[in-house]
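S.K.: Below is a structure I'd like to ask you about.
Each value in this text was obtained by applying a stated rule to the coordinates, not by laboratory testing. Source: prediction; values computed, not measured. Please note: Cβ atoms are built from the backbone with ideal geometry, for glycine as well, and neighbour counts cover all protein chains shown.
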Amino acid sequence: MKGSFLIFMLSTFLISTIHAGDLPVEKAVLTDAPMVPPVITRDHAATVQVELEVIEKIGKLADGVDYTFWTFGGSVPGKFIRVRHGDSVEFTLKNNGKNKLPHNIDLHAVSGPGGGAAVTATAPGQKSKFIFKALNPGLYVYHCATAPVGMHIANGMYGLIYVQPEVALSKVDHEYYVFQSDFYTKGKNGEKGLQQFSQEKAVDEKPTYVVFNGSQGSLVGDNALKAKVGETVRFFIGNGGPNLISSFHVIGEIFDKVYTEGGSKFQDNVQTTLIPSGGSTIVEFKLNTVGTYLLVDHSIFRTFHKGTLGMLKVEGVADTTVFKSEAKPAEEGVTKEVAPEKKVEVIKLEAPKVVSGKDLFMANCSACHGEEGKGVEGAFPPLAKSDFLKKLSSKKDRSELISFPLIGKKGKIVVNNKEYDGEMPVIADITDKELAKVFTYVSNSWGNKARTFTEAEVKKARNATHITQGK
Ligand code: HEC
Ligand SMILES: [Cu+2]
């Protein structure tokens, strides 16, 4: 009796886990920060389809400062995903055909290899799919985990997935999505123009910018979060790092509740809460009187000099039993030091402003082969003093070498006595002229033998591959 009951239980368990198709199917609502998808009101599990597209694009990091962001869904941070505890999530990762690099995704909400990263390595123009069960409720970070991992995260590849508990948290008037992260640029803080990623600063953990929601000023002025006196707010906050821990604080408020590290238990009455890199927190508080409340990282130089400043504007009738002043309130608590009222433009697609062989190399090749062409041992072969490159570029017909970025390159190769067995993707949207400049730059750098590549030569090689020019 007992035995057959067990078998019955086991078989229904197997059926319900494997035939996730029996569950009602729905498409996840995805939102860009600072918005959060609506509360899930159903009282049963479902199969939730999530489709996220990786898009590499130039956007604004600070006033007059542009950066090539790698995004989950077109902005930084990536789309907010909301599912319910027990749901089966059908996850599709798309890699936009115009992108340069392969990407994947590691969702901290996943129990399984690499959090999904092990099965989602996706080349530009491709997609991949996997299914996972949302076994643990809570707020989780997701991020790209493609080598070099630090660089993919540093370029903006992160976001939040909330696994709503079966009994949803208490109703609040507003839910907002706030995400902190650090950026490393070659130029100093404030240096204008398109900035390159600085590997050196990233390794030294010395960020040029530390911001909320992907750019300095994303939550100030017209972009400030809003609420009214008497209302309650809940912030879903993530920290993508890649390096810093956040000491998250709202000036002029006390968190009534903090779900520490995004878990299930809350602490009452907290002033400042720690958010680890690759971690999260949920805070809730009631707005008791009017004012502009400032969201900051209380490692305070970051706020005044690197960008971690946001605003929550609370309107309504001032409650003088809560706060009363003889003096006229100083510009609602905003310190003069900060000039936050600048309007922020939405990140928009622009034609890359790259021209020189070096710029082209930085934009198309350095992510894998390194800024100095040193590569990454075991993963990406060096271009600096590469005997492999030397041999192919000393041939009279160099079309084999030129074909790598045109048609991709895979299979075992030996470079400077070390074996590599990786895959170089097709470098999309690069013109013959640009490619000639890249090869000329590579050949004239880092002690390589100086050679010149011409547009005509690349064109010939391209014709041999029967692939037409990208642009
Ligand atoms: C997404 C990572 C990636 C990008 C971007 C990339 N490569 Fe590669 N590259 C590789 C890998 C991996 C290999 C080794 C392939 C193999 O094992 O067959 C390779 C091999 C090479 C080689 C031959 C090996 C050597 O070290 O001499 C050359 C030359 C090369 N790449 C040039 C370039 C150029 C030029 C660009 C930019 C236009 C570029 N690569 C962009 C990953 C990349
Ligand atoms: Cu990536």
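S.K.: Fewest first, what order do 153, 254 take by the number of other Cβ atoms within 10 Å?
M.R.: Result, fewest neighbours first: 254, 153.
S.K.: Okay, next question. In nm, to one decimal, how far is the residue 171 label point from the residue 324 one, both placed 7 Å along Cα→Cβ?
M.R.: It works out to 3.4 nm between the two label points.
S.K.: Using the Cα centre as the reference, give the magnitude of the dipole from point charges on the C-beta atoms of segment 242-319 (Lys, Arg: +1; Asp, Glu: -1; all else neutral), rounded to the nearest 20 debye.
M.R.: Numbers: 6 positive and 8 negative charges, 49 e Å.
Here segment 242-319 has a charge dipole of around 240 debye.
S.K.: Restricting to bridges with both residues inside the chain, how much of the DSSP beta-bridge set is antiparallel, in percent to the nearest 5? Intermediate results must be reported in sequence, preceding the final value.
M.R.: Values: 64 of 94 bridges.
Given both bridge residues lie in the chain, the antiparallel proportion sits at roughly 70 percent.
S.K.: Taking the number of other C-beta atoms within 10 Å as the exposure measure, put 219, 169 in order starting with the fewest. Mind showing how you got there, number by number?
M.R.: Details: 219 25, 169 16.
Listing 219, 169 from fewest to most nearby Cβ atoms yields 169, 219.
S.K.: One-quarter of the Cα convex hull surface for segment 361-465, in nm²?
M.R.: Numbers: hull surface 23.4 nm².
So the mean shadow area of the Cα hull is 5.8 nm².
S.K.: Have a look at 380, 394, 425 and report the one farthest towards the positive end of the charge dipole of segment 361-465, computed about the Cα centre with Cβ charges (Lys/Arg +1, Asp/Glu -1).
M.R.: The residue sitting farthest along the positive end of the dipole is 394.
S.K.: Related question: What shape does segment 13-109 have by the C-alpha gyration tensor, where a ≥ b ≥ c are the square roots of the eigenvalues, rounded means a/c under 1.5, and otherwise prolate means a/b greater than b/c and oblate the rest?
M.R.: Details: a/c = 3.48, a/b = 1.95, b/c = 1.78.
Prolate, because a/c is 1.5 or more and a/b exceeds b/c.
S.K.: Another question about this same structure. What ranking do 61, 406 get, fewest neighbouring Cβ atoms within 10 angstrom at the top?
M.R.: Details: 61 26, 406 21.
Going from least to most buried by this count: 406, 61.
S.K.: Helix-only mean residue ellipticity at 222 nm, the chain, DSSP H runs n ≥ 4 weighted -39,500 (n - 2.57), per residue, nearest 500. What is it? Write down the numbers at each step before the final one.
M.R.: Values: 10 runs with 85 residues, N = 471.
-5000 deg cm²/dmol, from helical runs alone.
S.K.: What's the FRET efficiency of residue 417 with residue 305 using the Cβ-Cβ distance as r and R₀ = 45 Å, to the nearest 0.05?
M.R.: Details: r = 46 Å, r/R0 = 1.03.
E between residue 417 and residue 305, to the nearest 0.05, is 0.45.
S.K.: Follow-up. Magnitude of the Cβ-charge dipole of segment 361-465, K/R +1 and D/E -1, about the Cα centre, nearest 20 debye?
M.R.: On the way: 18 positive and 14 negative charges, 93 e Å.
Approximately 440 debye in magnitude.
S.K.: To the nearest µm²/s, what D does Stokes-Einstein give for the chain at 20 °C and 1.002 mPa s, using the Kirkwood radius over alpha carbon pairs as Rh? The partial results should precede the final answer.
M.R.: Values: Rh = 24.4 Å.
Using the Kirkwood radius from Cα pairs, D works out to 88 µm²/s.
S.K.: Which Cα, out of 31, 310, 45, lies furthest along the positive dipole direction of the chain (beta carbon charges, K/R +1, D/E -1)?
M.R.: The one lying farthest along the dipole's positive direction is 31.
S.K.: Under a point-charge model restricted to the Cβ atoms of Lys and Arg (+1) and Asp and Glu (-1), what is the dipole moment magnitude of the chain relative to its Cα centre, in debye to the nearest 20? Kindly include the intermediate steps, with their values, before the conclusion.
M.R.: Working: 56 positive and 52 negative charges, 365 e Å.
Dipole of the chain, to the nearest 20 debye: 1760 debye.
S.K.: Distance between Cα centroids, segment 23-43 to segment 120-169: provide it in whole Å.
M.R.: When both Cα centres are located, 16 Å separates them.
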